[in-house]
Each structure stands twice: as C-alpha cells, then as structure tokens.
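Accompanying notes for the structure given below.
The values are calculated or read from the model by the stated rules, or taken from the named source; none is laboratory data. Predicted model only: the values in this text are computed from it and were never measured. Here Cβ is always computed from backbone atoms with ideal geometry, including for glycine, and neighbour counts include all displayed protein chains.
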Amino acid sequence: MKSPKKDLSRRKFIKTGLLTGVGTIVGMSSINTSFANYVSGMSSAVTPAVLGGDPKGYRPGWPSWPVWKSDSDERRLLEVMRSGVWSRNKLVDEFEHKWAQMIGSKRCLAVVNGTNALNTSLAQLGIGWGDEVLVSSYTFIASVSCILFSGAIPIFVDVDPETFQMDPDKIEEKITPNTKAIIPVHILGLPCDIERIMAIAKKHDLLVVEDSCQAWLAEVNGKKVGTFGNAGCYSFQNSKNMAIGEGGAIVSDDDEFMDRCYSYHNYGNPYGSTAGQISAGTVMIGTKLRITEYQAAIGLAQMERLKGQTELRNENAAYLKSRIQNIEGIVPYKLTPNVTKAAFHLFPFLYKTDDFKGLSREKFLKALNAEGVPCSGGYTELNKMPFLKNAFNSKFYQKFYPKERLDYDKYAEENKCPMNEKLCNELAVWIPQNILLGSKSDMDYIANAIGKIRDNAEKIKNKI
Ligand SMILES: *Cc1c(COP(=O)(O)O)cnc(C)c1O
C-alpha cells in the first residue's frame, strides 16, 4: 500500500530523528488519526500552516497565564479587601517569611518589582560612582539599568550561546581595579555557572548580586540560585513564573544588609540594626518600595503552586528537548554544570538557518507561530542600545567621571560581545513558560511542527 514517496519521506523522517522510536508512536496513540499518520512519516506531504495547510488534527489548547483559581485563591484576597488593612502588614511579613523558607535564605524583603530589588541591592552594597559592574550581555534591561541607576558603569561579559549564560571564561579579562561587583543573571530560568562565578568573585574580592528574576526555585547542586551571592533578586511581574502582577524580592543571609534594605524601602525609617538612637527619626536615605497586603495575598496563592509547576516545566522541557535534539539545525539549551533544577521561564533553542535550507529565523518563527506554537527570537542586543550613550551624555555622569571614562566609542568597542550578537540576531528561539505546563502530547505537537517546517523548509523559504 505504501507509495515510494511515503517510504522516502519516512526514511528522511528517521534520519532527522523526528521518529525517535516506538515510544513516540505509542505516545501519539492518544491523539487523533490524521496527526498520527503525519508523525509516521508524511511530513513533506503535509502543507505547513504558513502555506495555507489546514492542521485538521490535534491542536493544543495552551495553558493560559497567569493561573487564578477562585476556590483556593480568593478567600484570602477578599479577607484583605474587607479588612481595610491594605498597606504593608502581616500578610507581607508572611509572604517574606515563606519566600525566604522556599529559597533557603535567612531573610527576604518584598519590594515593588524586580527592577527595584536590583536597585536597592546595589545601593545597599555601596555600589556607585566610579565603580564598574560586570553583567551578562544576554539579559533584560533591568539587569543593566540598575548599574547606571547606581551611578556605576556596566561592563558587558559575552555569553556561551549554548547555555545562553554569562561565559565564566570571559569574566577575568574584564576585571580592572575599578571592578566592584558582578551581576550574574540566571537568564531564561536556566542557572548560570554560579559556582565558578562565585570562585572568581572571591578571588578578586568582588560583590555578587544574583539577578534571579527569571529563576524562581532553580538550583545548582541542590542549592537555590539567589542564595550564592551577597544578594539575590526576584521578579513577580505578570509574565513571570511566580506572578503577582507587579512585585519583587531580595533575599540574603546578611542581617545588617537586609536591615538597611528594609529601611531604604520604607523612607529610610529605622529598622533593626539601622535603628540607632530610638528618637533618631529617619536614619538614612530611603525611598518607598513597599508592596501591599493584597499583592501578598495573591503571591501567597501563587506560591502554593510554584513547586508543582516548576517540576512540570522541568519534565516537559526535558521531554521536548529529547524530541527535538536530533533534528538537524535545532540545538536545544544546554544546562551549565551541576544544575539540579531549572526554572524554565522560557524554553530556548538555537536555530541554524544553514541546516534549514537557508530558511531565515524570521520565516521559521512565522511558520512555527502559524502552526499555533507561540515563539519569538528573544532579546535584542542591550550593549548597543541608546540608553548607554544617553547615560554617558547625562549631566550626572559628566560631573562625576573624567572624560576618558565616558568615551562612548571606546566603550562600545571594548564591550562588544560577538556571541551575544549571534544569539540575538541569528540563533535564539524562545517558547514561553506557560507552554511547558501543557501535556506530553502538546510537546510532541511542538516537535512535529518543527519537523514539518524542516521538511518543507525550501517551499516555505520561497513562498513567504
Ligand atoms: C523581569 C526581570 C527583571 C525586572 O523585574 P520587574 O519586576 O519587571 O521590574 C530583572 N531582570 C530580569 C532578568 C528580568 O527578567
């Protein structure tokens, strides 16, 4: 019954690793027949959605984000609303206590967002004018803007494109007598090589602020990221795996530092060891960064689910990785050494145009989105954005720095990050975290959608 064409495409299918064995077929048995036919090797005969193909078979209904369960989540929130106690009080204390416990840190301070968790940490570690702070080039703006906000100068460290993380081999060459701190970012929720980074920091006597704003509950050697450095910062913004809408936290074991952070987030009013004389009044420079009781109530509800969701993301990410890692031209994320758990804020992989018959990443993304798989090309290059020049040209920077240190062209040259450039402009593909809360069949769907695109790469390249 089989046509030669089918046999050929089946062989091709096996070669590209899409048919990873009997297990795959068994896994498919739960979904409908037309899709099952497709995965058994008809991919080049199937028209991709981007070329007008009608995906008649199984289509995942992706889990929505954020999760809100009326039954379990609303009681506490309503109690807060009805009590009229809306400003920082017992629930925020409880939230901080539970977060510290969950992360395995002595103390936690909740603040309005991750950006200000970073700003506060840098300020209270005494990072400021004249200092240089090393930061990963592949990250979100707030990892870098906190450095400028403190008055220091960001120095970009290039990444290892396979892990997406700061490359430890490229740190020491960037250290100067002005270097004060490192901000390792556990970007995409995959831990960076924090053990090596800590060893380098120790050797050069540098402070470490971990940007764990995408890495809730991620672990290296069983220890949660965010607890390795002098401070760890988290974000609870709406898209994040631990979503409050807005919110952030700082964790640390250093009581004196945490007391200062508390004071700073509360107008500079006395707290713990910052108290000094009882009648001293406001004791230090401060601002106001407190979260509300209703934010804490939402956070406490989300926290209940975080462990289970994190396990599921890890399982699905490992499974999806196993399904796509043999597709030529697709290189799934690689974890840094000693990772015992990742957070998977995103599921990243590298896309190699040359192995997809020259189909550009842009067209690949368009085709994958058309199959109903949400995806994007991720970050653009931070180290080339105008905000850096803007800071160097500002009155503040010009007043406090000698001209030589504000030579932007020289700075831009010294801060080139070729691997980051490739990652941003050519290689990276992201699938968002909520997708990883789906079923195994959903992961199979993604793998097969990628396979379908690969088998039709030439056609897609020429037609869209
Ligand atoms: C989200 C994020 C931040 C900032 O957190 P907000 O709560 O949005 O202010 C900082 N760093 C990284 C890596 C992030 O992803």
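Pairs meeting the criteria (first residue in the stretch 317-328 and in the same structural domain as LEU437 (by TED's automatic domain parsing) and free of Cβ contacts under 8 Å to residues at least 40 places away in the same chain, second residue surrounded by fewer than 22 Cβ atoms within 10 Å (Cβ to Cβ) and of a type outside the set (Lys, Arg), beta carbons under 7 Å, at least 6 apart or on different chains) are LYS321/PRO332. Give me the pairs: first residue in the stretch 425-441 and on the phi < 0 side of the Ramachandran plot and part of a helix (DSSP H, G or I), second residue modelled with pLDDT under 95 and surrounded by 15 or more Cβ atoms within 10 Å (Cβ to Cβ), beta-carbon distance under 6 Å, and six or more apart or on different chains, which are they? Between residues of the stretch 425-441 that are on the phi < 0 side of the Ramachandran plot and part of a helix (DSSP H, G or I) and residues that are modelled with pLDDT under 95 and surrounded by 15 or more Cβ atoms within 10 Å (Cβ to Cβ), the close pairs are SER441/ILE31. The criterion of being assigned by TED's automatic domain parsing to the domain that holds ASN326 and either at pLDDT below 95 or in a helix (DSSP H, G or I) (or both) holds for LYS459.
Would you confirm whether or not the stretch 269-282 contains a residue that is within 12 Å of the ligand (Cβ to nearest atom) and either surrounded by 15 or more Cβ atoms within 10 Å (Cβ to Cβ) or under 22 Å from CYS146 (Cα atoms) (or both)? Quick ask: steps written out before the conclusion?
At the first step, the residues of the stretch 269-282 found to be within 12 Å of the ligand (Cβ to nearest atom) are none.
No, the stretch 269-282 contains no residue that is within 12 Å of the ligand (Cβ to nearest atom) and either surrounded by 15 or more Cβ atoms within 10 Å (Cβ to Cβ) or under 22 Å from CYS146 (Cα atoms) (or both).
One residue stands out in the stretch 302-352 among those that are more than 18 Å from the chain's Cα centre (by Cα) and among the small types (Gly, Ala, Ser): the one that is farthest from PRO66 (Cα to Cα), namely GLY329. For GLY247, state whether it is closer than 30 Å to LEU437 by Cα and either within 16 Å of the ligand (Cβ to nearest atom) or at pLDDT below 95 (or both). The answer is yes for GLY247.
Identify all residues within the stretch 255-287 that are acidic (Asp, Glu) and either closer than 16 Å to LYS98 by Cα or in contact (Cβ under 8 Å) with a residue 60 or more places away in the chain (or both); write none if there are none. Step through it out loud before you land on a result.
The initial filter retains those residues of the stretch 255-287 that are acidic (Asp, Glu), namely 255-256, 259.
Listed by number, the list holds a single entry, ASP255.
Taken over the stretch 97-145, the criterion of being over 16 Å from THR227 (Cβ atoms), out of contact with any Phe, Trp or Tyr (no Cβ under 8 Å at 6 or more places or on another chain), more than 12 Å from the ligand (Cβ to nearest atom) and assigned to a loop (DSSP other than H, G, I, E, B) is satisfied by GLY126, ILE127, GLY128, ASP131.
Within the stretch 178-193, if we keep just the residues that are of a type outside the set (D, E, K, R) and touching a residue at least 60 places away in the same chain (Cβ under 8 Å), the residue that is farthest from PRO161 (Cα to Cα) turns out to be ILE183. Can you find even one residue in the stretch 163-179 that is closer than 19 Å to ALA391 by Cα and either away from the ligand (no atom under 12 Å from the Cβ) or over 15 Å from the mean Cα position of the chain (by Cα) (or both)? Scanning the stretch 163-179, I find at least one residue that is closer than 19 Å to ALA391 by Cα and either away from the ligand (no atom under 12 Å from the Cβ) or over 15 Å from the mean Cα position of the chain (by Cα) (or both), so the answer is yes.
The criterion of being among the basic types (Lys, Arg) and in contact with a His (Cβ under 9 Å, 6 or more places away or on another chain) does not hold for LYS223. Sub-6 Å Cβ pairs linking a first residue in the stretch 240-251 that is farther than 10 Å from ALA110 by Cβ to a second residue that is in a strand (DSSP E or B) and more than 10 Å from the ligand (Cβ to nearest atom), at least 6 apart or interchain, are VAL251/CYS108; VAL251/GLY232, ordered by first then second residue.
Quick one: in the stretch 182-214, of everything that is touching a Pro at 6+ places or on another chain (Cβ under 8 Å) and assigned to a loop (DSSP other than H, G, I, E, B), which residue is farthest from the ligand (Cβ to nearest atom)? Top of the filtered list is ASP193.
Within the stretch 359-374, residues that are within 11 Å of ILE460 (Cβ to Cβ) sit with their Cβ atoms under 8 Å from residues that are surrounded by fewer than 16 Cβ atoms within 10 Å (Cβ to Cβ), at 6+ positions apart or across chains, in these pairs: LEU359/GLU458; LYS363/ILE464; LYS366/ILE464; ALA367/ILE464. Does LYS422 satisfy the criteria of being part of a loop (DSSP other than H, G, I, E, B), charged (D, E, K, R), under 27 Å from the mean Cα position of the chain (by Cα) and modelled with pLDDT of 95 or more? The answer is no for LYS422.
Applying the condition of being surrounded by 20 or more Cβ atoms within 10 Å (Cβ to Cβ) and in a strand (DSSP E or B) to the stretch 220-242 and asking which residue is nearest to the ligand (Cβ to nearest atom) yields SER235. Scanning the stretch 48-88 for residues that are surrounded by 16 or more Cβ atoms within 10 Å (Cβ to Cβ), among the small types (Gly, Ala, Ser) and part of a loop (DSSP other than H, G, I, E, B) returns a single hit, GLY57.
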